[in-house]
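Note sheet for the following structure.
The values are calculated or read from the model by the stated rules, or taken from the named source; none is laboratory data. Here the structure is a predicted model, which is why all the values come from computation and not from measurement. Glycine also receives a Cβ, built like all others from the backbone with ideal geometry; neighbour counts cover every protein chain displayed. Surface accessibility is based on the protein's heavy atoms, side chains included, excluding ligands, DNA and RNA. Shrake-Rupley method; radii C 1.70, N 1.55, O 1.52, S 1.80 Å.
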Amino acid sequence: MFEQIFSLFLYGIALGGIYALFGAGLSLIYGVQDLANFAQGSFLMLGAYIAYFTINLLTHEPLTAILISFLLIFALGIIIDILLLDRIRKTSGERWLVPGFIVTTGVMLILDQLAFLGFGGQYRNVREFYPMILSIGGIRITFDRIFILIFTLCVFIALEVFIYKTKLGRAIRAVALNRDAANLMGINVSRIYAITFGLGVGLAAIAGSLILPIFSIYHKIGDETLTSAFSVVILGGCGSMVGALIGGLILGLLEAFTTYYIGSGLAKIFFFLLIIIVLMIRPTGIFGRRPA
Amino acid sequence: MFKKGLSKVYIAIVAIVVIVAVVGSVAYYIWFQKPRVEIVRIGVVAPLSGPVAAQGKYLKQGFELAAEDLNAKGGILGRKIELVFGDDQTKPDVAISLIERLITVDKVDFICGGTSSSTYLPTMDVIAKYNVIVLLSIPASSSFDVRIKENPEKYKNIFLQDLNDTVWGSFEILWLSNTIKEGKWHPRNMKVALIAEDTDWGRGVCDTWNEMIRKHGFEVVAYEVVDYGQVDFYSVLTKIKQYNPAIIKAELTGVASGVALVKQVKELGINALLFPGYSAEVHEFEELAGAYADYAIYYGYPVPKKWVDQLLKRFPDSDPTAAFWGYDSLIILADAIEKAGSFDTDKVREALLKYPHKGLWGTYVFDPQTHRAIWGEEYVTPGAVEFYQGKRYFIWPERLKEGEWTYPYHDFIQPPS
Amino acid sequence: MNSLENKVFKQYWLVIPTLTLLLLPLSGQSYILNLLITCFIYSVLASFFNLPFRTLGYCNFGYASFYGVGAYFSALVAINYKVPVAIAIVGGFLFTALIGVGYGMLLSRLRGFHYVAMTSWFFGEIIRLIIIRAVDITRGMKGLYGIPFIFSSDITPYYYLGLMLFIVSIVTCFKFLNSRIGIVCFAIGNDEALAQSLGINTFKYKMLVITLSTSFAGLMGSFYAHFRGTITPDMLDWAVTLNVLVFDIVGGMNSILGPIIGTFLLISLIETFRFVLEFSPIVLGAALLVVMLLFPDGIVGIPKYISKFRKASR
């Protein structure tokens, strides 16, 4: 009995860690730019593919693969922000959010289909990152899940350090709080926007890479998990990294346990109902600071 | 806010745009009608995206190889074969539009292909509207048989090359009961857990198991249903683990699902004889699962080695167990057309039913009532296959046997190293 | 308003496409008729999706679920209770309207584009999941087949029925947007607080436009169910809503003809280049980007854009 619960618990927080990273990226973009990035899932998917090909072609070391994936997607994010989103901000001025949201939708369509054309429709996965299974007191734990957990925590710590202790992080926070004031203080807002977008989608890429040993990926995996990213943001609050972490863990645990007890179908329905209730009652989420 | 008025120019542009779009489609459609005398056009439907895209790709390659072989010998009745492919995305509405388009626009003479029963069961009524023969290569749900039997005139043009889910399920149980009877295995208990994919095929096989395994003295302790394409079995397996079954029978079609299942079974330390179902068919299964796939049992079909070499020479990354379905489809069709001496639908249909057709797998004879291939030693029959150390080999029946069945885990399980 | 109507209906240029549409079945090309029926369905979806979007700024990201709900309701009552198809379709329309009322009540409490979009999205997903999970009723992911057809013959009557539904829907849209209710909705979308301060019961109007929008989706869904004979939960996928959104925006969300033009054009484009069908989402995405970046008023806005351009360069 206890073994089952612990097993599920571990599974839940590993899954939750991935959701947290995915949602954190979304939350960051939303917190700084006020933009709902509907293409977040596509970046998760692309990040997963990059890591997959890196592991299969270059090196079996997962950390390298994750790093390469992050860097490439980070660069892609910056390019997309500069080419597309910046243009929308210029043409639509203050009311750029709706067109911006729609632009991300267009980006999603294109990236997903390019992935299908480039990589084919079949599922891919990686057998495992580290082929170890630990046995502690009769309870079996795959090392991969522990790795995911530890890695996720490290990323979040790094993120917090970056946002609060570095100059760039302070600039990002400044833009998030008050864009015009930040502009007046000499911060290049466009640059911050681009970096933030890149970082946000880079986090999705990390999440995607971490999925590989657990699930299989294909070009639609981003869309299928997109609701999870938004759920994390809604639960944890827009703009809050800690909130995203907690929201993600809650989501992961809920999914693991409710799927076990009442089956995955009903579980999701109740969960989405919960999300809608949260949207109605406390739209800014548990830790949110920004009103819509 | 509102448009104050619609200028003439504006309306004109709008009207022209609409006309051009419609006329453009018509023109393209008409232009597509090439003179057809020298070719026979065969539409092939397959899942080229989605959970079974791997199997779909190999199926397509099997068709291409068969077309090349047949064309090298002069084609069918002197006409060269032209294949038109379409992606059904494992979705019924896509399959329906695809079939209608192949028939009405591409004007194919015959249609072959298909993997998922749930995708093609809904297409039966659409096929009934036209007079084109559709030979379904892989769909195996017995729901087809039932519907064709009840409505033979309506569904007369639908043929099923594969054995049905009752046969596949019974076959696995046959092997199992044989193995136990011959004293080769003493299972630690008589408990079975079933995991069915929520498709007509998945449920069909597991329902067969559910019914028949009890007759052999087993108890079904769990019957879980999972989504098509599911890759997360952690919760389901955790639940099953507490019942401690000696056998887990899963019927999953997507190779990723099968891989995930065998991995998670071993990760959770479940000691059970594992049947992953159709998902084990393609080589990605043991490639991605590695040692996790060891000792899994699967219903295979023998394919002549010479043909396998030929296939791999032409398509080095292909998989014979998936490609051969496509190859045999064209062989069967070509044989029927030759025997009928004509491309006329009614004559070919008669020939399909009347004659046996020799393919790679065996001899195909279609049951006149269900239009499905008949199971038998002298017709087509599967073999039991085991995975071990990255390879698969037949273990039963005798005439196919490549090795002895090994199953070392009786009491506890060692993690794969 | 009358002058507007007069101008539209007295445009002789409209005669050509109208005649073409009416006489097309004589050609016997069932493929084209099939294509046009799809265009009719989707242009109605795009137009009614556009209603709350254009007036209130409400992007209903769960729109496809209403399309699907109508289809499933109509199909199920026809299959299980042997209800005559015509009544089943009306039933689908009304049932979806009912769901739309519930949805509207939920939505009316929210302010802000993102909240509306998110809530609609999750609402749509909930409905989709319910239909998928109720396997005993709906057969879940395997889909329903054997739905009774409207007509027992070939495609021609379906075409005319589709055309009729299309015309009725477009006229409804037109009348709505030009009516007092429509104008009030625009006002609410512009500044709700101001509208309320003028004594308008904003809740009532919002409910009206949302219910209207969703019920017509249900109507088209019901029509589709009894036309195709098979439906699957894929109709409720938000990918469908996305397509509708693209047709709407690319065509021009600020006009009545916009969604229609967008739908006809894009669907024809996709079908014409069928042999490279795999590129169609890319084309849609690219069209969306082009419109967003260059022609926010969509295709129907191009003539204005050109004339503005010409005026500017003088």
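Residue pairs whose Cβ atoms lie under 7 Å apart, separated by 6 or more positions or on different chains, with the first residue in region C:278-304 and at the interface with chain A (Cβ under 9 Å from one of its Cβ atoms) and open to solvent by less than 20 Å² (accessible area, probe 1.4 Å) and the second outside any helix (DSSP H, G or I) and small (G, A, S), are C:V291/C:G298.
Of the helices (runs of 4 or more DSSP H) entirely within region A:1-107, those holding at least 2 residues that are over 19 Å from A:V232 (Cβ atoms), away from chain C (no Cβ under 14 Å) and not aliphatic (A, V, I, L, M) occupy A:2-33, A:40-57, A:62-80. In a residue-by-residue description of region A:146-166, the property of being surrounded by fewer than 17 Cβ atoms within 10 Å (Cβ to Cβ) and touching an Asp or Glu at 6+ places or on another chain (Cβ under 9 Å) applies to no position. Select from region C:18-33 the residues that are touching a residue at least 24 places away in the same chain (Cβ under 8 Å) and out of contact with any Ser or Thr (no Cβ under 8 Å at 6 or more places or on another chain) and write down the one among them that is surrounded by the fewest Cβ atoms within 10 Å (Cβ to Cβ). Applying the filter and picking the extreme gives C:L22.
Exactly one residue among B:V220, B:V231, B:V265 is free of Cβ contacts under 8 Å to residues at least 40 places away in the same chain and open to solvent by less than 10 Å² (accessible area, probe 1.4 Å), and that residue is B:V265. Annotation: of all residues in region C:110-143 being at the interface with another protein chain (Cβ under 8 Å from one of its Cβ atoms), open to solvent by less than 20 Å² (accessible area, probe 1.4 Å) and in contact with a Leu (Cβ under 8 Å, 6 or more places away or on another chain), the one that is nearest to B:Y228 (Cα to Cα) is C:K142. For the structure I just gave you, tell me whether B:R214 is farther than 30 Å from B:I127 by Cα, open to solvent by 20 Å² or more (accessible area, probe 1.4 Å), of a type outside the set (V, I, T) and in a helix (DSSP H, G or I). When the stated conditions are applied, B:R214 passes them.
Of all residues in region C:77-100, those satisfying the criterion of being open to solvent by 30 Å² or more (accessible area, probe 1.4 Å) and either more than 18 Å from the chain's Cα centre (by Cα) or among the basic types (K, R) (or both) are C:I79, C:N80, C:Y81, C:K82, C:V83, C:P84, C:A86, C:I87.
Could you tell me whether A:L35 is closer than 19 Å to A:I192 by Cα, open to solvent by 50 Å² or more (accessible area, probe 1.4 Å) and under 19 Å from the mean Cα position of the chain (by Cα)? No; evaluated as a whole, the condition is false for this residue. If you go through region C:135-157 one residue at a time, do you hit one that is part of a helix (DSSP H, G or I), closer than 23 Å to B:L121 by Cβ, under 22 Å from the mean Cα position of the chain (by Cα) and among the charged types (D, E, K, R)? Scanning region C:135-157, I find no residue that is part of a helix (DSSP H, G or I), closer than 23 Å to B:L121 by Cβ, under 22 Å from the mean Cα position of the chain (by Cα) and among the charged types (D, E, K, R), so the answer is no. Where helices (runs of 4 or more DSSP H) fall entirely within region B:113-158, those with at least 2 residues that are open to solvent by 20 Å² or more (accessible area, probe 1.4 Å) are at B:124-129, B:142-150. Among the residues of region B:66-106 satisfying the criterion of being among the acidic types (D, E) and more than 24 Å from C:Y145 (Cα to Cα), which is most open to solvent (accessible area, probe 1.4 Å)? The extreme case among them is B:E68. When A:G202, A:G186 are checked against the criterion of being outside any helix (DSSP H, G or I) and either more than 17 Å from the chain's Cα centre (by Cα) or closer than 23 Å to A:L15 by Cβ (or both), a single residue qualifies: A:G186.
Restricting attention to region A:239-257 and to residues that are open to solvent by 10 Å² or more (accessible area, probe 1.4 Å) and at the interface with another protein chain (Cβ under 9 Å from one of its Cβ atoms), the residue that is nearest to A:I163 (Cα to Cα) turns out to be A:E255. Of the residues making up region B:243-269, not one is part of a loop (DSSP other than H, G, I, E, B) and under 16 Å from A:T259 (Cα atoms). Screening region C:14-23 for residues that are within 8 Å of chain B (Cβ to nearest Cβ) and either closer than 22 Å to C:D154 by Cβ or modelled with pLDDT of 70 or more (or both) and picking the one that is nearest to the chain's Cα centre (by Cα) gives C:P17.
Output the residues belonging to region C:204-261 that are open to solvent by 10 Å² or more (accessible area, probe 1.4 Å) and β-branched (V, I, T). The answer is C:T211, C:V240, C:I256, C:I260. All of (1) within 30 Å of C:S153 (Cβ to Cβ); (2) among the β-branched types (V, I, T); (3) touching a Gly at 6+ places or on another chain (Cβ under 7 Å) hold for C:V250 with one exception: (1). Residues of region B:273-286 that are away from every other protein chain (no Cβ under 12 Å), open to solvent by less than 10 Å² (accessible area, probe 1.4 Å) and under 18 Å from B:E224 (Cα atoms): B:L273, B:F275, B:P276, B:G277. Checking every residue in region C:67-76 against the condition of being open to solvent by 30 Å² or more (accessible area, probe 1.4 Å), within 14 Å of another protein chain (Cβ to nearest Cβ) and of a type in the set (G, A, S) gives zero matches. For region C:159-172, the criterion of being outside any helix (DSSP H, G or I) and either within 14 Å of chain B (Cβ to nearest Cβ) or open to solvent by less than 40 Å² (accessible area, probe 1.4 Å) (or both) is met by no residue.
The set of residues in region B:70-104 being away from chain C (no Cβ under 14 Å) and without any contact (Cβ under 8 Å) to a residue 40 or more places away in the chain consists of B:N71, B:A72, B:K73, B:G74, B:G75, B:G78.
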